[in-house]
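Engineer: Below you will find the structure I want to go over with you.
The values are calculated or read from the model by the stated rules, or taken from the named source; none is laboratory data. The model shown is predicted, which means the values in this text are computed figures rather than measured ones. Every residue, glycine as well, gets a Cβ built from its backbone with ideal geometry; the counts of neighbours run over all protein chains shown.
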Amino acid sequence: MSESAVNQTRVTTLVPNPLYRKLETAARRRGVSIASIVRESLELNTLLLDEEAADAKVLIEHPDGRMERIVRR
């Protein structure tokens, strides 16, 4: 067994069809697999959770220069 396989765990989950279609669309737009999109999404969510725990504000700067704060529940 390769070392990379040793450091991985397989996860299987059910997602609603509309969410799966969003995963497909994101994967197609980025030119990557759905598994890559799921991994990136989990990494981004972890980053946001860590920043929120540190009382950081998460902002998006729109192309027109407008700033929008992202507030999650």
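Engineer: Can you find a residue in region 13-20 that is surrounded by 11 or more Cβ atoms within 10 Å (Cβ to Cβ), at negative phi and assigned to a helix (DSSP H, G or I)?
Structural biologist: yes
Engineer: Would it be correct to say that LEU23 is in a helix (DSSP H, G or I), surrounded by 11 or more Cβ atoms within 10 Å (Cβ to Cβ), modelled with pLDDT under 95 and of a type in the set (A, V, I, L, M, F, W, C)?
Structural biologist: no
Engineer: Can you pull out every residue in region 26-42 that is surrounded by fewer than 10 Cβ atoms within 10 Å (Cβ to Cβ) and under 24 Å from ILE70 (Cα atoms)?
Structural biologist: ARG29
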